[in-house]
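First the structure, in the form of structure tokens, and then the observations on it.
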Protein chains: 2
Amino acid sequence: MKDFELKLYVITDPLISRGRSHQEVVSRSLAGGARAIQLRDKGLSARELVEEGREILRLTRRTRATLIINDRVDVALALEAEGVHLGEEDLPLPLARKIAGPDLIIGATVRSPEKALWAQENGADYLGAGAVFPSFSKDSAPVIGLDTLREIVKAVSIPVVAIGGINLSNLSQVMDTGVKGAALISSVIGAEDIEGEAEKFSSAINRKLL
Amino acid sequence: MKDFELKLYVITDPLISRGRSHQEVVSRSLAGGARAIQLRDKGLSARELVEEGREILRLTRRTRATLIINDRVDVALALEAEGVHLGEEDLPLPLARKIAGPDLIIGATVRSPEKALWAQENGADYLGAGAVFPSFSKDSAPVIGLDTLREIVKAVSIPVVAIGGINLSNLSQVMDTGVKGAALISSVIGAEDIEGEAEKFSSAINRKLL
């Protein structure tokens, strides 16, 4: 199994970050303790994603955080980023693993224990499970709740990160399911003080993982 | 140098093909003599592109035509399509070649002899040069004209395919520049009778290449 951290996993979204650049969002998230960053911006061309990713990789490498590229296996490989995250509309896992080789970290979005097991058996290194709760940034995603999240964690041996509607009030319950981290979008990158909010989440996550 | 044909090179575009599916457009283009197909649809997810590409690959393999995927190196590799075409907003050529390995055909869009030479030296197997004339389907592309097209052909040893505003009246002049084929979009896939139009273009191109 590959050695990487999830813990506080921050996902970028140009529509939520109040006009601040990806680099600023990532820099402040890392300063607040984020250990994994997912660069996600469907509006960027491959070339722009490579240019943006290069700058962000400089930031994540300083703190030895994990950089995951959303959707594009080719861009992740070109950048030599640590990984790629595949949603349900992205490349099928077995094909992605075939072209990515053994070293690239591949994450997959799952909503059920069955799908989680399938993903583990077909090349995923970690899972993003959710939406755990209704959320602002992914309001169309079906909500799976804490019980299904716990079943997903039990079904697999690879790490699971929870996503969707996580806040400082429900974080403790989320971490009690056995996940290795929490993926945050709006609660962190939509905040006025990104670093301060990231610090609250990362401290709480790290306490639960002790 | 890799062995593949350009000749009549048809590019799909869901906005121009009058509601006909990619499969129908490709099937009729091949029946009319197209020897290369570029699957281009920026609106499809990676997963949809893989599903569509699989069906189209069944069609192109029957006639031993070349299937080129627009933009996404990962999808081209996943499908085991013959190649990928990279525009100016897509992955930089040296990175694309690095991750694609030596066998995938890589095409690149160029507008000058200098850029053509650079592309040849950085991993391109063929060039798409244009827009040769003002065109309906790429109306924002700068027009380079026949003289620049001829200079591009002279600057490189890899095959060049002309693109942009090519019709049955100017095709002969275009082929006289030394290109190995012509890329057609609206004149073929926007036609009522795709097969009939493809047949007119492919016959004229093949006559010039004798």
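The values are calculated or read from the model by the stated rules, or taken from the named source; none is laboratory data. Predicted model only: the values in this text are computed from it and were never measured. No Cβ is skipped: glycine too gets one built from the backbone with ideal geometry, and neighbour counts run over all protein chains shown. Side chains included, ligands, DNA and RNA excluded: accessible areas come from the protein's heavy atoms. Shrake-Rupley method; radii C 1.70, N 1.55, O 1.52, S 1.80 Å.
The figures follow:
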| item | result |
| --- | --- |
| Only one of B:100, B:119, B:141, B:108 that is within 20 Å of residue B:7 (Cα to Cα) and not acidic (Asp, Glu) | B:108 |
| Candidate set from segment A:40-82 (those that are in contact with an Asp or Glu (Cβ under 7 Å, 6 or more places away or on another chain) and part of a strand (DSSP E or B)); member that is farthest from residue A:96 (Cα to Cα) | A:66 |
| Members of segment B:171-210 found to be open to solvent by 20 Å² or more (accessible area, probe 1.4 Å) and either over 25 Å from residue B:27 (Cβ atoms) or not in a helix (DSSP H, G or I) (or both), listed by number | B:172, B:173, B:176, B:178, B:180, B:192, B:193, B:208, B:210 |
| Hits in segment A:40-65 (condition: open to solvent by 10 Å² or more (accessible area, probe 1.4 Å) and within 22 Å of residue A:2 (Cα to Cα)) | A:57, A:58, A:59, A:61, A:62, A:63, A:64 |
| Residue A:40 being out of contact with any Cys (no Cβ under 7 Å at 6 or more places or on another chain) and at positive phi | no |
| Residue within segment B:129-149 that is over 28 Å from residue A:47 (Cβ atoms) and free of Cβ contacts under 8 Å to residues at least 40 places away in the same chain present | yes |
| Of all residues making up segment A:82-94, the number that are without any contact (Cβ under 8 Å) to a residue 40 or more places away in the chain and crowded, with 24+ Cβ neighbours inside 10 Å | 3 |
| Residue tally, condition outside any loop (DSSP other than H, G, I, E, B) and over 16 Å from residue A:198 (Cα atoms), over segment A:1-21 | 0 |
| Tally of residues being on the phi > 0 side of the Ramachandran plot, more than 14 Å from the chain's Cα centre (by Cα) and within 13 Å of another protein chain (Cβ to nearest Cβ) across segment B:50-90 | 1 |
| When residues of segment A:22-39 are limited to those that are in a helix (DSSP H, G or I) and crowded, with 17+ Cβ neighbours inside 10 Å, the one farthest from the other protein chains (Cβ to nearest Cβ) | A:28 |
| In segment B:114-158, residue nearest to residue B:102 (Cα to Cα) [restricted to those that are assigned to a loop (DSSP other than H, G, I, E, B) and β-branched (Val, Ile, Thr)] | B:158 |
| Test: residue B:76 is under 15 Å from residue B:125 (Cβ atoms), surrounded by 18 or more Cβ atoms within 10 Å (Cβ to Cβ) and at pLDDT 95 or above | yes |
| Single match in B:106, B:166, B:99 (criterion: open to solvent by less than 20 Å² (accessible area, probe 1.4 Å), on the phi < 0 side of the Ramachandran plot and within 14 Å of another protein chain (Cβ to nearest Cβ)) | B:106 |
| Of the criteria (1) at pLDDT 95 or above; (2) surrounded by fewer than 19 Cβ atoms within 10 Å (Cβ to Cβ), which one residue A:140 fails | (1) |
